[in-house]
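To start, the structure itself, in structure tokens.
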Amino acid sequence: MPDASPALSRRALGTIFSCAVALGIAAELRAVQFTTPHMLSRDGYYHARYANLLPSRGLSRKFEWTQYSFWKDHFSDKEFLFHVWLAPFCRSEATMVAGAKFAAWLLAGAVIAAFAFALRATGVRGPPIWAFALAGSGSHFIYRLSECRAHVLSIGFFIVGTALLLKGKWKWLAAVGFVYAWSYAAPHLLVAIALAHLAATWIHNGKPEWRGAAAAAAGVFAGLLLHPYSPNSLHMWWVQNVVVLQQTWGGSTMGLTWGDEFDAVPTRSLVTDSIGVFISLAAGVILSVVSARAQRLSSRSFSLLFITFATFGLYCLSGRFIEYFAPSAVWLLASVISDLLEGRDLAELWKTRQGSVTWVATVAALLLTQNHFHTVGRTMKEAGRVKGPVMSGAAKWVRANVPAGANVGHLNWGDFVQLFASDPDHRYINGLDPAFMLVTDPPRIRYWEEVRTGKKPLDPVEFGDTFLTNVLVVTREVPRQVRICEDALLERVYEDEGAIVYVLPKASRAEAEPK
């Protein structure tokens, strides 16, 4: 019988290498996450608090914490399964932030693991190496991956969905689409990549593979329709994906300020913050041409080429889409290299071209390793500069001194996540997205925008009557808004280095309480 020990040894070494890579990446992601005790994104405070309240709220369709948003009476939890995942880690108010960060770390590690398994399932060689490459593809991606937000779960669905498309597992793809719709605000991304796959198969094989797009669309639509918050889920999808994008990419009709993540990124960021992604894209495209000329380009790589260009287009529109562009670019490069090595005896290649193979492998390993650790170090520095919730002190004062259930005024929709996290006993104007108020109460949001930007002087009585509030919490991070309040001669009742609480004089309103 032939000696099987060399094969067993190779498998054992492969297993040891895979485990070492997995443990190393997990340790690095943990270091990034816990470089700071604060959330890496302030929206994480909302998610932690909502997960903390989820067991008592259940499937309530009201969200009284935003009084002038359509959420007040027609709430839909667009990240329902993400909050279900967070809930066990956020049971205690005292430890909910630390618990949410721990849950975010686990989820980030699961995404990298899913990427490695997806590559293995689709026949790509060396999944641990490419998982290592993705984890070092750039600080922009790793930072986004480490945030406590539902887009991290979406990255996982994107990876799994792409693998199912490439494998032709249509029923499983529909199931992923269904679960995706219960987990994230933009599950139609799965349909978009399925359409890219359809176009690729049409050009490559001369016949479109429409079943993938049909399965993805059916799964996503069924998930939205049978959502625990349906039909509110359908309205939520429309506002989040049509109204918001019309306002951000088409130009706001009121000049509203939207999240920075919707801004286009400068070209240089591909080199400064995402050098691994840039190299993967460039090398993947070049080797795709080489492989095609050698008639070695697989349908898998051709589809990944289309998917990568689709995600690159999204990235050019908004930097936030690095979360899909990065894995698709690395996956493309890995796939094309696998195509070029397909059917070749690596041992024989080593013997015949030892010098060139050694040179190429050494340079690639050095670049990969250097970029990986540069990415981790740069991301840790960025995480270390994160500020905590500067309005938490003011929110805690309000919680202790203002009657529970009263409306609390603030000047920015972004203030809500901090106020809600530290003080869920009171009610606020709007949060998470200006569109949630825009579609419900255009006159009030127009007034709010004019006051907060200084286009309209702050009349304390008018502001209090408009939003039925007797107090106004203002962050010091926007000095202009502090000056607006000072010019209105408002009385300070609390202040710290992060925020100020002002009293608004009563006029026609009897009590500043929500209706």
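The values are calculated or read from the model by the stated rules, or taken from the named source; none is laboratory data. Predicted model only: the values in this text are computed from it and were never measured. Glycine also receives a Cβ, built like all others from the backbone with ideal geometry; neighbour counts cover every protein chain displayed. Surface areas here come from the heavy atoms of the whole protein model, side chains and all, with no ligands, DNA or RNA. Shrake-Rupley method; radii C 1.70, N 1.55, O 1.52, S 1.80 Å.
So which residues in segment 186-203 are in a helix (DSSP H, G or I), touching a residue at least 40 places away in the same chain (Cβ under 8 Å) and crowded, with 19+ Cβ neighbours inside 10 Å? Residues satisfying the conditions are 189, 193, 196, 197, 200, 201. Considering 49, 30, 10, the condition of being of a type in the set (D, E, K, R), modelled with pLDDT of 95 or more, more than 16 Å from residue 146 (Cα to Cα) and over 16 Å from the mean Cα position of the chain (by Cα) is satisfied by 49 alone.
Here residue 501 meets the list (1) assigned to a helix (DSSP H, G or I); (2) within 16 Å of residue 410 (Cβ to Cβ); (3) over 30 Å from the mean Cα position of the chain (by Cα); (4) of a type outside the set (Ser, Thr, Tyr) almost entirely, failing just condition (1). Answer yes or no as to whether residue 42 is farther than 23 Å from residue 154 by Cβ, touching a residue at least 24 places away in the same chain (Cβ under 8 Å) and open to solvent by 20 Å² or more (accessible area, probe 1.4 Å). So residue 42 fails the test.
When you check residue 183 against the structure, is it in a loop (DSSP other than H, G, I, E, B), open to solvent by 20 Å² or more (accessible area, probe 1.4 Å) and more than 30 Å from residue 296 (Cα to Cα), yes or no?
no
Restricting attention to segment 448-465, and to residues there that are among the basic types (Lys, Arg) and over 20 Å from residue 69 (Cβ atoms), which single residue is farthest from the chain's Cα centre (by Cα)?
456
Quick one: in segment 90-104, which of the residues that are open to solvent by 50 Å² or more (accessible area, probe 1.4 Å) and not in a loop (DSSP other than H, G, I, E, B) is farthest from residue 370 (Cα to Cα)? Among those residues, the one meeting the criterion is 98. Given the criteria within 21 Å of the chain's Cα centre (by Cα) and either modelled with pLDDT of 95 or more or more than 26 Å from residue 96 (Cβ to Cβ) (or both), does residue 363 qualify? It is false that residue 363 is within 21 Å of the chain's Cα centre (by Cα) and either modelled with pLDDT of 95 or more or more than 26 Å from residue 96 (Cβ to Cβ) (or both).
Would a scan of segment 119-126 turn up a residue that is without any contact (Cβ under 8 Å) to a residue 40 or more places away in the chain, open to solvent by 30 Å² or more (accessible area, probe 1.4 Å), under 28 Å from residue 205 (Cα atoms) and not hydrophobic (A, V, I, L, M, F, W, C)? Scanning segment 119-126 turns up at least one residue that is without any contact (Cβ under 8 Å) to a residue 40 or more places away in the chain, open to solvent by 30 Å² or more (accessible area, probe 1.4 Å), under 28 Å from residue 205 (Cα atoms) and not hydrophobic (A, V, I, L, M, F, W, C).
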